[in-house]
Amino acid sequence: MTLDTAFTGYADPSLHAEGLYIGGKWEAGSGIPVIDPSTGNTLAEVPDASIDDAMRAVDAAEAAAVGWRRAPPRQRSEILRRWFTLMTEHAEELALLISLENGKALADARGEVAYAAEFFRWYAEEATRIGGEFRHTPSGAHNILVDHEPIGIAVLITPWNFPAAMATRKIGPALAAGCTVILKPASETPLTAYAMARLGAEAGVPPGVVNVLTTSNPGPVTAAMLADARVRKLSFTGSTGVGRLLLAEAAKSVVNCSMELGGNAPFVVFDDADLSAALDGAMVAKMRNGGEACTAANRFYVQAGIHDAFVAGLTQRMAALKVGAGYDPETQCGPMITIKAVDKINRLVADAKDRGARATTGGAPVGGSGYYYPPTVLENVPTDAALAHEEIFGPVAAIYRFETEEEAIRLANDTEYGLAAYVYSRDIMRAMRVGRGIETGMVGINRGLMSDPAAPFGGAKQSGLGREGGVTGILEFMEPKYFAVEF
Ligand code: NAD
């Protein structure tokens, strides 16, 4: 595998991937090009794992399973804590790597590395706090003792938009719980996952506890792993469409699933909101990661009295953003992940404009060799526009006007998704009431950023099943076992 460092200055050899990572060994290979979306150039090639390779990864995870589940929690904890420290020490190189393969602005990439590493620190702490339960039965006949056991080998599948954080948000709790894992990162952004595996080995993760493989054939490779009776868990983050397919596949052998799927977040601004705070929050909720976040504000519902001032303020801020290569330190909005992503955004914006929306800034692709789309604000968007119902996944803020609280809640809930929502109002009673009325797993109240390792992250409706992070995240990788005890 090669990594073209000539035009990027990326040169930390200790983080270069060497191939598939199975059973603590690197296996050279090629077949999947990794593209720099800032230029369209090929950065590297990574191996294309076959079904046989995946089954060898399951063998390796099984060989390591007993030792890892029996390792004292303190030992598992300290390995995770060392992994956190190593990620922190290598934060700058990891951020550059993320920026190179994903395209996100360096500031976003640095934020992601810090966020990602925190999952190792949080779960290093949680590893030593796994609890159980003791109860008397109402009849008095016996006692109820509930233990939590590691669920078994876990397959972890992650998307390209947070190449480090989506992996650590799964690996951290899985290892803390005592599970061994096979990580399949997105083919667009595998270098970060492989680099983190190197740091994991340095931190003392035993061979086979974490295996990493890339494949251009994820459907059959995943199906083969799920069909193997040794695999007891699938933790997936990605689109709702692929999530549905995987739930059906997992059903064949009744594999336990955690699903972190797509979003269509409403961002509701009431007349009494602090305008400047709402605009600050809107920029974070919309533009973190260039709009390529599952929690990204997809629909801005703004009450009539504040609407025009909000549109003017957001337009000014969006128009001022510097667009460029992710790893250019001046860049505030990097390229999209692929040209296909740009085409999708273009289609959604054209559809909205055809239905009467007006772009107050941006509104058409900029062209050039990378995959760029300019920060865009659309006003007068009709609620039947396609972008009201599909994830935009790009730097486009679509603004709708509303009159009443009931209307805002109804519009916010008019979607199959239910991941995140944002509400801005100085009236905290109203903000909480509206937050309760919106059917999502997470609500930001006067705040545009909600992700935190200590919080339960996840969605309602078709945005997912289960939660990652927080005190409950570790239970996704554990099976409760009830002992009926008479004494
Ligand atoms: P995707 O669903 O296309 O791919 C996600 C992962 O699944 C990748 O690793 C991909 O290779 C793999 N995959 C694709 N087809 C597969 C198949 N048939 N079988 C097994 N694996 C398969 O999603 P994406 O484009 O990489 O990521 C963007 C999506 O992820 C958006 O919908 C976004 O909202 C969602 N997302 C959700 C969260 C969350 O926490 N809820 C976080 C980040 C991203």
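Within the range 207-225, work out how many residues are closer than 15 Å to Glu62 by Cα and buried (at least 18 other Cβ atoms within 10 Å of the Cβ). Reasoning before the result, please.
The first filter runs over the range 207-225 and keeps only residues closer than 15 Å to Glu62 by Cα, leaving 207-212, 225.
Within this subset, residues satisfying the condition of being buried (at least 18 other Cβ atoms within 10 Å of the Cβ) are 208-212, 225.
Matching residues across the range 207-225 total 6.
Under the condition of being under 17 Å from the mean Cα position of the chain (by Cα) and within 18 Å of Ile151 (Cα to Cα), which residue from the range 230-248 is nearest to the ligand (Cβ to nearest atom)?
Of everything passing the filter in the range 230-248, Phe236 is nearest to the ligand (Cβ to nearest atom).
Would you please list the contacts, defined by Cβ atoms under 7 Å and residues six or more apart or on different chains, that run from a residue in the range 89-106 that is in the same structural domain as Pro329 (by TED's automatic domain parsing) to a residue that is among the aliphatic types (A, V, I, L, M) and surrounded by 24 or more Cβ atoms within 10 Å (Cβ to Cβ)?
No pair meets every condition.
Just a yes or no: is a residue in the range 448-466 more than 16 Å from the chain's Cα centre (by Cα) and either aromatic (Phe, Trp, Tyr) or assigned to a loop (DSSP other than H, G, I, E, B) (or both)?
yes
Can you go through Ala195, Ala203, Ala164, Ala174 and tell me which one is within 19 Å of Arg230 (Cα to Cα) and more than 10 Å from the ligand (Cβ to nearest atom)? I'd like the intermediate steps shown before the answer.
On the way: Ala195 fails: within 19 Å of Arg230 (Cα to Cα); Ala203 fails: within 19 Å of Arg230 (Cα to Cα); Ala164 fails: within 19 Å of Arg230 (Cα to Cα).
Going through Ala195, Ala203, Ala164, Ala174 in turn, the sole match is Ala174.
I'm told Gly326 meets every condition in (1) small (Gly, Ala, Ser); (2) within 28 Å of the chain's Cα centre (by Cα); (3) not in a loop (DSSP other than H, G, I, E, B) except one. Can you identify the failing condition by its number?
(3)
Yes or no, residue by residue, for (1) aliphatic (A, V, I, L, M); (2) buried (at least 24 other Cβ atoms within 10 Å of the Cβ); (3) touching a Lys or Arg at 6+ places or on another chain (Cβ under 8 Å):
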position: Ala431; (1), (2), (3): yes, no, no
position: Arg436; (1), (2), (3): no, no, no
position: Ile445; (1), (2), (3): yes, no, no
position: Ala455; (1), (2), (3): yes, no, no
position: Gly464; (1), (2), (3): no, yes, no
position: Ala484; (1), (2), (3): yes, no, no
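Is the range 368-380 home to any residue that is hydrophobic (A, V, I, L, M, F, W, C) and under 30 Å from Leu106 (Cα atoms)?
Yes, the range 368-380 contains at least one residue that is hydrophobic (A, V, I, L, M, F, W, C) and under 30 Å from Leu106 (Cα atoms).
Determine if the range 234-242 includes at least one residue that is buried (at least 24 other Cβ atoms within 10 Å of the Cβ) and of a type outside the set (Ser, Thr, Tyr). Outline the logic, then answer.
Taking the range 234-242 first, the residues buried (at least 24 other Cβ atoms within 10 Å of the Cβ) are 235-237.
Those left that are additionally of a type outside the set (Ser, Thr, Tyr): 236.
Within the range 234-242, one or more residues are buried (at least 24 other Cβ atoms within 10 Å of the Cβ) and of a type outside the set (Ser, Thr, Tyr).
Only one residue in Ile153, Ile144, Ile171, Ile157 is within 15 Å of Gly23 (Cα to Cα) and either β-branched (Val, Ile, Thr) or crowded, with 24+ Cβ neighbours inside 10 Å (or both), so which one is that?
None of the others qualify; the one that does is Ile153.
Would you point out which residue out of Arg74, Arg56, Arg70 is closer than 26 Å to Gly178 by Cβ and either buried (at least 21 other Cβ atoms within 10 Å of the Cβ) or in contact with a Ser or Thr (Cβ under 7 Å, 6 or more places away or on another chain) (or both)?
Arg74
Among the residues of the range 72-85, is any assigned to a helix (DSSP H, G or I) and aliphatic (A, V, I, L, M)?
For the range 72-85, residues assigned to a helix (DSSP H, G or I) and aliphatic (A, V, I, L, M): present.
Out of (1) more than 16 Å from the ligand (Cβ to nearest atom); (2) within 23 Å of Ala95 (Cα to Cα); (3) β-branched (Val, Ile, Thr), what's the single condition that is false for Thr295?
So the condition that Thr295 fails would be (1).
Anything in the range 361-385 that is of a type in the set (S, T, N, Q) and over 26 Å from the mean Cα position of the chain (by Cα)? List them, or say none.
Scanning the range 361-385 gives Thr361, Ser369, Asn380, Thr383.
Of the residues Val231, Val255, Val209, Val302, which single one is among the hydrophobic types (A, V, I, L, M, F, W, C) and over 19 Å from Thr158 (Cα atoms)?
Val302 is the lone residue from the list that is among the hydrophobic types (A, V, I, L, M, F, W, C) and over 19 Å from Thr158 (Cα atoms).
With the requirement that a residue be part of a loop (DSSP other than H, G, I, E, B) and either within 16 Å of the ligand (Cβ to nearest atom) or outside the structural domain of Pro218 (by TED's automatic domain parsing) (or both), what does the range 145-161 give you? Give the derivation first.
Residues of the range 145-161 part of a loop (DSSP other than H, G, I, E, B): 151-152, 158-161.
Across the range 145-161, the qualifying residues are Thr158, Pro159, Trp160, Asn161.
Restricting attention to the range 314-359, and to residues there that are farther than 14 Å from Pro37 by Cβ and without any contact (Cβ under 8 Å) to a residue 12 or more places away in the chain, which single residue is nearest to the ligand (Cβ to nearest atom)?
Ala350
Listed here are the residues, each with its yes/no results for (1) polar (S, T, N, Q); (2) in a loop (DSSP other than H, G, I, E, B).
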residue: Thr383; (1), (2): yes, yes
residue: Gly394; (1), (2): no, yes
residue: Tyr400; (1), (2): no, no
residue: Glu407; (1), (2): no, no
residue: Arg410; (1), (2): no, no
residue: Met429; (1), (2): no, no
residue: Glu439; (1), (2): no, yes
residue: Val443; (1), (2): no, no
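The values are calculated or read from the model by the stated rules, or taken from the named source; none is laboratory data. The model shown is predicted, which means the values in this text are computed figures rather than measured ones. Note that each Cβ is placed from the backbone with ideal geometry, even for glycine, and that neighbours are counted across all protein chains shown.
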